[in-house]
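J.: One structure follows; several queries about it will come next.
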Protein chains: 2
Amino acid sequence: MRGSEGNEFIEKWYVMNLQQLGEFGFIDRIKTNSIFRPQGVIKGIDDDCAVFEIGDAEHYGLLTIDALVEGVHFIRDLISPADLGYKSLAVNLSDIAAMGGQPLDAYVSLAIPSSLSVEYLDEFYAGLYDLADRHNVNVLGGDTTRSKGDFFVAIAVFGQVKKSNVCYRHGAKPGDLIFVTGTLGDSAGGLEVLLNTLNLQEPYRSQLVAAHVRPKAFAAEGPFLAACGGVTSMIDVSDGIGSDIFHICRQSHVGAKIRQQNIPLSEALLHLGQKYARDTLDLALNGGEDYRLLFTVTPERNKAIEESYRDRFGESLFLIGEISDSGKVILVSDDGQEKILQQGGWDHFSRKSTS
Amino acid sequence: MRGSEGNEFIEKWYVMNLQQLGEFGFIDRIKTNSIFRPQGVIKGIDDDCAVFEIGDAEHYGLLTIDALVEGVHFIRDLISPADLGYKSLAVNLSDIAAMGGQPLDAYVSLAIPSSLSVEYLDEFYAGLYDLADRHNVNVLGGDTTRSKGDFFVAIAVFGQVKKSNVCYRHGAKPGDLIFVTGTLGDSAGGLEVLLNTLNLQEPYRSQLVAAHVRPKAFAAEGPFLAACGGVTSMIDVSDGIGSDIFHICRQSHVGAKIRQQNIPLSEALLHLGQKYARDTLDLALNGGEDYRLLFTVTPERNKAIEESYRDRFGESLFLIGEISDSGKVILVSDDGQEKILQQGGWDHFSRKSTS
């Protein structure tokens, strides 16, 4: 029973308190004692999805939930309703893909301010259904209600994964090679373009904006990689690899060495960096919302996986470094200097980028 | 790309537009073409949960998502954080129960304004975990983010139901008897007490407030009833029976006759009605948030079900009417007069109570 409005001292203290704890500190706090029926639980809070028995001998169930909040994740004037619908589902499909799973059904909870028209919502659903259709994902349920202020979108996606293929954040071993499925920093670059109405030349402008508003969900690529054999850990890049590699390292009890020269940057991002003096390395490490898959592979399997991925999808994988036993994440700069990275990326509470 | 702020004419038009369509009109609109992979789907948008195959010969999977939004579903100063956590889960367990299912795992998505302290959130989770513990429901995942304005809670619950026991809104037949599992209107009465700080005597005040802030989830009762044999349809009373009975009637292509004298009203609600001149019938029909189970039973099975329910739970079921073939919902008043009811209850967009 605490209405902190009207008591500035208390409010400031509280704000600091939650910001100091940070998103990951908060998650650590709530995951304690959250299991009341352990049987059937394979993995709870701490990975891209929960993993659990569903009474099927071959498959585990997967479930993830992710919200996009107006003013925090999007600004309504800077993203079309169709793109917002698309992106709201994409971020969840990305979580299923990162476990090596197949998305099956989505559930959409909306809190809708009165300023949104039926037409806006029709377009929102058109964008969402566009992506759902591509990946054979049903929208099987939801909840719609009013909001007095911002537009809130929370989507839960249920999926399944072959038991033998499930990929976690843990499992990486020293010597494993670290890959990503695409260029990094484009989404953050696109946000820069939108927020500052940067007059970048085409097709660069459109490429960066598209990476931000219609991120590719690697929904087919995730299960393909997981089925290749040799993938030892996987996560989707939602906060930036400068944050997400730490999840793999902590949960696998390993370190990592990332080679700056191997971090894939698009021509569009490089162009943005040159023209508007943006730090492309920082965008790539800490910008977030790229939704690439970041994964580790045993050295015996990496060549075979690179080849079969190229055969199947016509795209290259990017080898950005290797797992070490140091317990630290080290960035090797272009001139060979080594720097210990601190966890950066996007923290939803503290808004810090600590790199 | 529509920012309606700053254009009052357009904003007003949009508001009307969505309000006129109403929540159920909107749901009808989005459920069209929402299935892109029909195999395995038993029931999509249109019931308390989605029902789907999970690769288990004996069980279907169930999934529901429900949000509580500050300023719409709750006022932060009028509900303790622990009660809010409890209620946020209870409304979802109620949906699983209404299908005859067992809840298994919950997923909690929070958008947290900076005015909320860590202590507030700890209490919120304590209330949520209190209920989760009672029903052996795990909290297996979630998503936490900032909100610039209101506190937003969306919870998804995964459950399962024996295939032979699943209860839908459809399935009621003329002649079936209509039951509810508890008194009606108490939650709306409790909200009246809180909003207007009514000085009702104890224990009435506490009883009504508790019905509003800690609604009982009939999580054990739902599957018990479904397993009895003879239950032909079921729904949970979230919007008020004056709305929810229409869902059963429409989906079962039947009508209903409700006897006013049989609508169970608590002593506390009657006391509120007398002391503060509240229309208890309206609260019972259209107040909403009672989260009782409303279900229909074949005439052959009703006595057996009433008895075994009383044996198992020590509580009575309330027979409030019967299903007819009229296609209409008729309220029989205490003096025997019949009145055709229009769908009332709580509509999240239009805020109308049309009875």
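FYI, it's all coordinate maths here, none of it is from the lab. These numbers come from a predicted model, not from an experiment. Cβ sites come from the backbone with ideal geometry, for glycine too, and all protein chains shown count toward neighbours.
J.: For a quick check, take a GNM of chain B with Cα springs below 10 Å and name the residue from B:Leu140, B:Leu208, B:Leu272 with the largest mean-square fluctuation.
T.: B:Leu140
J.: Using only the Cα atoms of the stretch B:138-212, build the gyration tensor, take square roots of its eigenvalues as a ≥ b ≥ c, and label the shape rounded, prolate or oblate: rounded if a/c is under 1.5, else prolate if a/b is larger than b/c, else oblate.
T.: Here the stretch B:138-212 falls in the oblate category.
J.: Quick one: with label points 7 Å out along Cα→Cβ, list the inter-copy distances for B:Asn33 in nm, shortest first?
T.: 5.0
J.: Same structure, new question: Starting from a Cα-only point model with no solvent, please compute log10 I(q)/I(0) by Debye for the stretch A:241-330 at q = 0.13 1/Å.
T.: -0.52
J.: Let me ask another. Given the stretch A:199-290, report the % of alpha carbon pairs whose separation exceeds 21 Å.
T.: Here the tail beyond 21 Å accounts for 42 percent of pairs.
J.: Another question, if that's okay. Of the listed pairs A:Lys275/A:Lys303; A:Lys31/A:Lys173; A:Lys339/B:Lys148; A:Lys87/A:Lys328; A:Lys162/A:Lys328, which have alpha-carbon separations greater than 30 Å here?
T.: Too far apart for the 30 Å limit: A:Lys275/A:Lys303; A:Lys339/B:Lys148; A:Lys87/A:Lys328; A:Lys162/A:Lys328.
J.: Using a/c under 1.5 as the rounded threshold, could you call chain B rounded, prolate or oblate? The axes a ≥ b ≥ c are square roots of the C-alpha gyration tensor eigenvalues, and prolate needs a/b larger than b/c, oblate otherwise.
T.: Rounded, because the longest to shortest axis ratio a/c is under 1.5.
J.: Please turn the phi angles of the stretch A:167-175 into ³J(HN,Hα) values with the Karplus equation 6.51 cos²θ - 1.76 cosθ + 1.60 (θ = phi - 60°), one per residue in order, whole Hz, x for glycine and proline.
T.: My calculation for the stretch A:167-175 gives 10, 10, 6, 7, x, 5, 10, x, x Hz in order.
J.: Rounded to two decimals, what is Rg over Rh for the stretch A:39-165 when you use alpha-carbon atoms and the Kirkwood radius?
T.: Using Cα coordinates only, the ratio equals 1.02.
J.: Place +1 on the Cβ of every Lys and Arg and -1 on the Cβ of every Asp and Glu in the protein assembly as shown, take the dipole about the Cα centre, and give the residue among A:Tyr129, A:Ala226, A:Ile27 whose Cα lies farthest towards its positive end.
T.: Selected residue: A:Ala226.
J.: Still on this structure, I have one more. Report the label-to-label distance for A:Asp279 and A:Gln39 in nanometres (one decimal), using points 7 Å from each Cα along the Cα→Cβ vector.
T.: 5.3
J.: Name the long-range amide H neighbours of B:Ile320: under 5 Å, sequence gap of 5 or more, or other chain; modelled H, no Pro or chain starts.
T.: B:Ile178, B:Phe179, B:Val180
J.: Once each part is reduced to its C-alpha centroid, what is the distance from the stretch B:142-194 to the stretch B:301-335 in angstrom?
T.: 19
J.: Could you pull out every whole DSSP H run in chain A that spans at least 20 Å of Cα extent along its own axis and averages -0.5 or higher on the Kyte-Doolittle scale?
T.: Qualifying helices, which must be both long enough and hydrophobic enough, are A:8-31, A:81-98, A:118-134.
J.: Let me ask something else. Evaluate the relative contact order of the stretch A:169-298 (contact order divided by residue number), counting alpha-carbon pairs under 8 angstrom at least 6 apart; express in whole percent.
T.: About 50 percent, as a whole number.
J.: In addition: Of all beta bridges DSSP finds with both residues in the protein assembly as shown, what is the antiparallel percent, to the nearest 5?
T.: Roughly 75 percent of the DSSP beta bridges within the protein assembly as shown come out antiparallel.
J.: Just to check, using Stokes-Einstein with a Kirkwood Rh over alpha carbon pairs, what's the diffusion coefficient of the stretch A:177-341 at 37 °C and 0.692 mPa s in µm²/s?
T.: 203
J.: Please list 3J(HN,Hα) in residue order for the stretch B:35-49, calculated via the Karplus relation 6.51 cos²θ - 1.76 cosθ + 1.60 where θ = phi - 60°; whole Hz, with x for glycine and proline.
T.: So the Karplus estimates, Gly and Pro as x, are 10, 10, 9, x, 4, x, 8, 9, 8, x, 4, 1, 9, 5, 9 Hz.
J.: Restricting attention to the stretch B:204-250, which chymotrypsin sites (Phe, Trp or Tyr not before Pro) occupy a DSSP loop and are surrounded by at most 13 other Cβ atoms within 10 Å?
T.: The qualifying sites: there are none.
J.: Magnitude of the Cβ-charge dipole of the stretch A:177-341, K/R +1 and D/E -1, about the Cα centre, nearest 20 debye?
T.: About 100 debye.
J.: Enumerate the amide H contacts of A:Thr144 below 5 Å, restricted to partners 5 or more residues apart or on another chain; note that Pro and chain-start residues carry no placed amide H.
T.: Under 5 Å from the amide H of A:Thr144 lie the amide H atoms of A:Leu110, each far enough along the sequence or on another chain.
J.: Which listed residue (B:Gln102, B:Ser147, B:Leu191) has the Cα farthest towards the positive end of the charge dipole for the stretch B:80-204, taking +1 on Lys and Arg C-beta and -1 on Asp and Glu C-beta about the Cα centre?
T.: Among B:Gln102, B:Ser147, B:Leu191, the one farthest towards the positive end of the dipole of the stretch B:80-204 is B:Gln102.
J.: Between Rg and the Kirkwood Rh of the protein assembly as shown, both from Cα atoms, what is the Rg to Rh ratio?
T.: Ratio of gyration radius to Kirkwood radius: 0.99.
J.: Still on this structure, please answer the following. Which value, in debye to the nearest 20, gives the size of the charge dipole of chain A about its Cα centre, when Lys and Arg are +1 and Asp and Glu are -1 at the Cβ?
T.: Dipole of chain A, to the nearest 20 debye: 640 debye.
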